[in-house]
Structures are given as C-alpha cells and as structure tokens.
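J.: Provided herewith is a single structure, encoded as structure tokens, for subsequent inquiry.
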Amino acid sequence: MKTNWRTLWQQQSIVVYRDEIEFDRLAADRIGRVFLAYRGAGDSPGDIDMSIVEFDDDAEGFALFEARTGFAGRVNFERQAFWQARACVYWVPAASVSLPWRLRLGGWRGEASGRAYRRVARAELEACLGAWVLEGPQTWEDRKQSRLERSRPFGATSTWRAAA
C-alpha cells in the first residue's frame, strides 16, 4: 500500500499528514528560509521537485518535502501575504542541490514511501548550502513577473537577485 503524504495550513502552523493522520507540525513563525528545488526553468509549479525548509532554531534543523506532499503549493499559492512579508523563499536549480548520500539513496533501499517528508539535523545539510545556486528571495508572483519582463523584446534586465 502506498503511503499518502500531504500538508495543510492550520492557524499558524503547517501540518504534515501521513495517511490522514497528523505526523508533524511546523510552526510558520520558526521558518527561516524555504528552498524550492526546481528542474528546467522553474517556470511552472510542476517544475518543483523538492522543498527544503530551514528553521531559525538550530535544534529543529531542516525539513525536506518531496513534490507529492503539496508543500510547494502551500508556499506558492496559499497565504501569499505571509510569504511576501517574510521574504524567505529561494529558488534553487535541482542540479545544484547536493544532499548527503544518506538522503539521496533512501529510495534504493526500499524506503521510497518514507522519503516524502523527513526532518534532518542542521549539521547534515548546513555544509551543502554553500554550493547551492540561490535565486531570491522571490515569491511565485515575483518570479512570474521577472519571467514576463525577460520575455519582452528589449525588455527590462532581469530582476532576479542572487542570494548572498
């Protein structure tokens, strides 16, 4: 039987469900950054392969969400004012997202159903962040507007900002 994962906003938390049972709860005010790993140009929501949430609190570390959890949709299309005010959403080409071997090989050992959502210690991912090519902070609307500007003949130069 395939495990069903999904996410849902409840008050000021994003709740993670596994087979319709609450599995974890992420306090939205503790989210430091969200990294959306995309393939292709990242111009459509279907291009997002993985969402990685970094928490402000060192003890909480990171949370990894595969596309099938719906987390990227929660970031892009729900509570847009929240994400705009936080300015914490970054876009990362999936090709530049290097993860520790343990996180990449889980599906090979028959753990694919358990990989959709994971909590990871800060020490495991922090060293990887430096190699990622970040675009942002940029909401879905900012990204769409930049794409439109770039598509115009003699249009404005790119408004994408590289993260430091």
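The values are calculated or read from the model by the stated rules, or taken from the named source; none is laboratory data. All values derive from a computational prediction rather than experimental measurement. For neighbour counting, all protein chains shown are included, and Cβ atoms are generated from backbone atoms with ideal geometry for every residue, glycine included. These accessible areas exclude ligands, DNA and RNA; they are computed on the full protein's heavy atoms, side chains included. Shrake-Rupley method; radii C 1.70, N 1.55, O 1.52, S 1.80 Å.
J.: For F35, are the conditions met, namely being aromatic (F, W, Y), open to solvent by 70 Å² or more (accessible area, probe 1.4 Å) and within 22 Å of V92 (Cβ to Cβ)?
T.: Details: aromatic (F, W, Y): yes; open to solvent by 70 Å² or more (accessible area, probe 1.4 Å): no; within 22 Å of V92 (Cβ to Cβ): yes.
Taking the combined requirement at face value, the residue does not satisfy it.
J.: Among residues belonging to the range 83-94 that are open to solvent by 30 Å² or more (accessible area, probe 1.4 Å), among the hydrophobic types (A, V, I, L, M, F, W, C) and touching a residue at least 12 places away in the same chain (Cβ under 8 Å), point out the one that is farthest from D142 (Cα to Cα).
T.: A94
J.: Only one of (1) of a type in the set (S, T, Y); (2) open to solvent by 10 Å² or more (accessible area, probe 1.4 Å); (3) in contact (Cβ under 8 Å) with a residue 40 or more places away in the chain fails for T69. Which number is that?
T.: T69 satisfies every listed condition except (2).
J.: Oh, and also: Is it the case, given these coordinates, that D29 is free of Cβ contacts under 8 Å to residues at least 24 places away in the same chain and either more than 18 Å from A127 (Cα to Cα) or more than 13 Å from the chain's Cα centre (by Cα) (or both)? It would help to see each step written out before you state the result.
T.: Values: free of Cβ contacts under 8 Å to residues at least 24 places away in the same chain: yes; either more than 18 Å from A127 (Cα to Cα) or more than 13 Å from the chain's Cα centre (by Cα) (or both): yes.
When the stated conditions are applied, D29 passes them.
J.: Residues that are under 14 Å from V34 (Cβ atoms) and either over 15 Å from the mean Cα position of the chain (by Cα) or polar (S, T, N, Q) (or both), at least 1 per element: which helices (runs of 4 or more DSSP H) completely within the range 49-106 meet that?
T.: Helices (runs of 4 or more DSSP H) meeting the threshold: 71-77, 80-86.
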